[in-house]
Amino acid sequence: MSARLEQLYQETILDHNRNPRFFGEPAACTHKAHGKNPLCGDDYWVYLDVRDGVIEGVQFNGSGCAISKSSASMMSEAIKGKRLEDVIAKKDAFLTLLTQDEPVSDSEKSLLGKLIVFEGVKKYPVRVKCAALSWRALEAALLGDEAQAISTE
Amino acid sequence: MNESLARKFRADFPVLSLVKEGKSLVYLDNAATTQKPRVVADRLYRFYTEEYGTIHRGVYFLSQQATQFYDESRAIVSRFLNAAKLEEIVLTRGTTESINLVASGVSKLWLSVGDEVLITAMEHHANIVPWQQACLASGATLKVVPITLTGELDMDAFRRLLTTKTKFVSVVHVSNALGTVNPIADIVQMAHGVGAKVLVDGAQAVSHMPVDVQALGCDFYAFSSHKLFGPTGAGVLYGRYSLLEQLPPYQTGGDMIETVTFESTTFAKPPARFEAGTPAIAEVIGLGAAINYVNSVGFEFIAQHEADLLQCATEQISRLNGIRLIGTAQNKASVLSFVLDGIHPHDVGTVLDECGVAIRAGHHCAQPIMAFFGVPATNRASFSFYNVSDDVDRLVDAVKYCQQVMG
């Protein structure tokens, strides 16, 4: 495999694609949002159960490519049990990781933890929207825009 | 397979000798757009550097010459489609504009509440949305002919859906997502039997087979230059002259009028009526050069070689595990759509690109087809006469590699 491709499809990413965590639709939730990439067909719902400013529960459901699915899975893992302000900081750091040319700062790196595996996506500009999709949906869910489907095209 | 002849023509396309990161390019996205032979690029270069001028306006030499070149292209297109007369060829910006032009006019002229427009389940969005809009504007109803599991039109359903309410039928000649070649002459004959007019979306057909609009009997035929080895931004609408004469203008402005006062305007006769504003002069001239080139290659070779490539690719791809072909019609152009178990087409597209193989991964602007086959998207390899058996081998190897990486 080329180095660039190895950077993109890291084993962690492939593992989360094969066995997505937090996959499915919960019986109830406090927040939800729909994320869709109309051009490539990535299509997910993100469900949150937020209590006292903490993400007590998270699940996602839908279909899409390996990048979008593993990103949603790892996002769920990263935000479960976290306070909203930490989740928003993580989300901002993640979107910075995907879109900024400069390497992320040490503080952002520590915020991101395992999510740093998505750094390789930067080299594939058309795939950035795949990695960003569930995070954008998370953002919309927290803003309460559940009626307004979001798109990262 | 006639590899030596294919290689000779392949050498006419400079971009096909591109080497990136040590890998030569395998270009298999010909259904999206075709590469350009040097004669087309040279024609554009010569026009822009030695001959450039506007058309139909200047009395000076450059303008008169540009007008002559532009008109020559119309004549080349007219012969290419075997139109009954030159004035039946409207030069547009592409298939999409050609279809919109007709749909907009038809909606004003021939559609009202209770009327029906018939399209098919294998249309490109460009042959769906304009008719939805035409129906919205006129109160007519859009009906859709279903397809079968092999990706062929359900002709029994077509016969059932075709009634005296049907005022217009708009159908694709060759499906971009499935490769299916539709029985246009039969469709036209049946549609005319109930008094309906027929537009054929020929975007995917013209690079694969000779098209004779008189033999097909259709009323309108649309295609784009860029899928026929010509420049982007130019396209063609063939229209039966007696119908073009009835259609109202699509856009208004310069060059499509007879006389203008502030009180009223009289419109020029077709085709000028439908060519408002300064057209894509260089691109239309480039299209003429592209058609001359295609004619020099000849459809006899094109048809045989593409059939060989399709057969070879279909056999090899079918042998792989975990693969499903989408579109297995009897009569198919050289388009191979497939999905891999558990691997999303976008991941396939990225891995194949890394191997230097350019295919299309997506819904091909045909979401209803994707919904019918229950897939979000497909991988599509589409072949042209400049592809060779090496390209098929590289495709198959790259798909195997993708299964290994993603499996």
B:Ala41 to B:Val113: FRET efficiency via 1/(1 + (r/R0)^6), r the Cβ-Cβ distance, R0 56 Å, to the nearest 0.05? 0.65
quick note, chain B, DSSP beta bridge pairs, % antiparallel (nearest 5) is 60 percent
Step through the residues of the range B:323-338 one at a time and calculate ³J(HN,Hα) from phi using the Karplus curve (6.51 cos²θ - 1.76 cosθ + 1.60, θ = phi - 60°), rounding each to whole Hz and writing x for Gly and Pro. 10, 10, 7, 10, x, 10, 5, 4, 9, 10, 7, 7, 10, 10, 9, 8
Scan of chain B for trypsin sites (Lys or Arg not before Pro) in DSSP loops with at most 10 other beta-carbon atoms within 10 Å gives a longest site-free stretch of B:86-318
I'd like to check one number: the per residue accessible area of the protein assembly as shown, probe 1.4 Å, reported in Å² as a whole number. 40 Å²
Can you give the % of DSSP beta bridges in the range A:3-143 that are antiparallel, to the nearest 5? 95 percent
Share of antiparallel DSSP beta bridges in the protein assembly as shown, in percent to the nearest 5? 65 percent
Considering every residue in B:338-347, what mean count of other chain Cβ atoms within 10 Å of its Cβ is obtained? 5
Divide the volume of the convex hull of the Cα atoms of the range B:53-295 by its number of residues and quote the answer in cubic angstrom per residue. 116 Å³
Could you work out the helix-only [θ] at 222 nm for the protein assembly as shown, with each DSSP H run of four or more residues adding -39,500 (n - 2.57) and the total divided by the number of residues, to the nearest 500 deg cm²/dmol? -12500 deg cm²/dmol
In whole percent, the fraction of accessible protein surface over chain B that belongs to carbon or sulfur atoms, probe radius 1.4 Å, stands at 53 percent
Between exposed GluC sites (Glu not before Pro) in chain B, where DSSP calls loop and at most 15 other Cβ atoms lie within 10 Å, what's the longest gap? B:22-244
Please report how far the C-alpha centroid of the range A:1-60 lies from that of the range B:5-61, rounded to the nearest whole angstrom. 44 Å
With θ taken as phi - 60° and the coefficients 6.51, -1.76 and 1.60, list the Karplus ³J(HN,Hα) couplings across the range B:38-50 in order, rounded to whole Hz; mark glycine and proline as x. 4, 4, 6, 4, 5, 5, 5, 4, 5, 4, 6, 8, 10
Of the accessible area of the range A:39-153, with the probe set at 1.4 angstrom, what percent is carbon plus sulfur? 51 percent
When a/c is below 1.5 the answer is rounded, else prolate if a/b is larger than b/c, else oblate, so apply that to chain B with a ≥ b ≥ c taken from the square roots of the Cα gyration tensor eigenvalues. oblate
Averaged over its residues, how many other protein chain Cβ atoms are within 10 Å of peptide B:372-381's Cβ atoms? 2
If the limit is 24 Å between Cα atoms, which of A:Lys114/B:Lys23; B:Lys165/B:Lys269; A:Lys123/B:Lys36; A:Lys32/A:Lys129; A:Lys123/B:Lys20; A:Lys82/A:Lys109 go over it? A:Lys114/B:Lys23; B:Lys165/B:Lys269; A:Lys123/B:Lys36
Using only Cα atoms, find the angle between the long axis of helix B:299-318 and the longest principal axis of chain B, and express it within 0 to 90 degrees, rounded to the nearest 10. 40 degrees
To the nearest 0.05, what FRET efficiency results for A:Glu11 and B:Ser17 with a Förster distance of 35 Å applied to their C-beta separation? 0.45
The distance between the Cα centres of the range B:239-271 and the range B:101-145, in whole Å, is 22 Å
Separation of alpha-carbon centers, the range B:377-407 and the range B:275-342, rounded to whole Å: 15 Å
What is the interface area between chains B and A, defined as buried accessible area summed over both chains with a 1.4 Å probe, reported in Å² to the nearest 100? 1400 Å²
Under the rule rounded for a/c under 1.5, else prolate if a/b exceeds b/c, else oblate, using alpha carbon gyration tensor axes a ≥ b ≥ c, the range A:3-143 is classed as oblate
With Cα coordinates, the longest principal axis of chain B makes an angle with the long axis of helix B:345-354, in degrees rounded to 10, of 70 degrees
Cα gyration tensor, the protein assembly as shown - rounded (a/c under 1.5), prolate or oblate: prolate
For the Cα atoms of chain B, what angle does the longest principal axis make with the long axis of helix B:95-109, in degrees from 0 to 90, nearest 10? 40 degrees
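The values are calculated or read from the model by the stated rules, or taken from the named source; none is laboratory data. Only a predicted model underlies this, so the values are computations on that prediction, with no experimental measurement involved. In this analysis, Cβ positions are derived from the backbone assuming ideal geometry, glycine residues included, and neighbour counts consider all displayed protein chains. Please note that ligands, DNA and RNA were not included when accessible areas were found on the heavy atoms of the full protein model with its side chains. Shrake-Rupley method; radii C 1.70, N 1.55, O 1.52, S 1.80 Å.
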